[in-house]
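Scroll down for the structure; my scribbles are underneath it.
Values quoted throughout were computed directly from the atomic coordinates according to the rules given, and no laboratory measurement underlies them. No experiment lies behind these values; they were computed from the predicted model shown. Virtual Cβ from ideal backbone geometry, glycine too; neighbours counted across all protein chains shown.
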Amino acid sequence: MKTTATYDSATDTFTLEKGIWRGAFPIADLQKWLTFYRQQMERYPAQARSYAEDVKALEALAKQIGAKLH
């Protein structure tokens, strides 16, 4: 299932959407969420493909807004 991540500069948040699930988070937490989803890929290999979509969306958002990631 495709994951999308969008940035709202008015509220300085990003929204992650996948299917019917949606979550909004402070943009300052982008790295934290990217790390979380990468760890989930390692912990739950059977679901790695699903988490890879989340990582891909967050990395694309970071690139789009010029965020520096580790």
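Please find, within segment 27-70, the residue that is nearest to THR11 (Cα to Cα) out of those that are assigned to a helix (DSSP H, G or I) and either of a type in the set (Phe, Trp, Tyr) or touching a Cys at 6+ places or on another chain (Cβ under 7 Å) (or both).
Of segment 27-70, the ones assigned to a helix (DSSP H, G or I) are 27-43, 45-65.
Keeping just the survivors that are either of a type in the set (Phe, Trp, Tyr) or touching a Cys at 6+ places or on another chain (Cβ under 7 Å) (or both) gives 33, 36-37, 51.
On the way: TRP33: 18, PHE36: 23, TYR37: 23, TYR51: 26 Å.
In this case the residue turns out to be TRP33.
Can ALA24 be described as of a type in the set (Gly, Ala, Ser) and in a helix (DSSP H, G or I)?
Details: of a type in the set (Gly, Ala, Ser): yes; in a helix (DSSP H, G or I): no.
It is false that ALA24 is of a type in the set (Gly, Ala, Ser) and in a helix (DSSP H, G or I).
May I ask you to list the residues in segment 11-26 that are closer than 17 Å to ALA67 by Cα and out of contact with any Leu (no Cβ under 9 Å at 6 or more places or on another chain)?
THR11, ASP12, THR13, THR15, PRO26
Would you check if ASP12 is at positive phi and either exposed (fewer than 13 other Cβ atoms within 10 Å of the Cβ) or touching a residue at least 24 places away in the same chain (Cβ under 8 Å) (or both)?
Values: at positive phi: yes; either exposed (fewer than 13 other Cβ atoms within 10 Å of the Cβ) or touching a residue at least 24 places away in the same chain (Cβ under 8 Å) (or both): yes.
So ASP12 passes the test.
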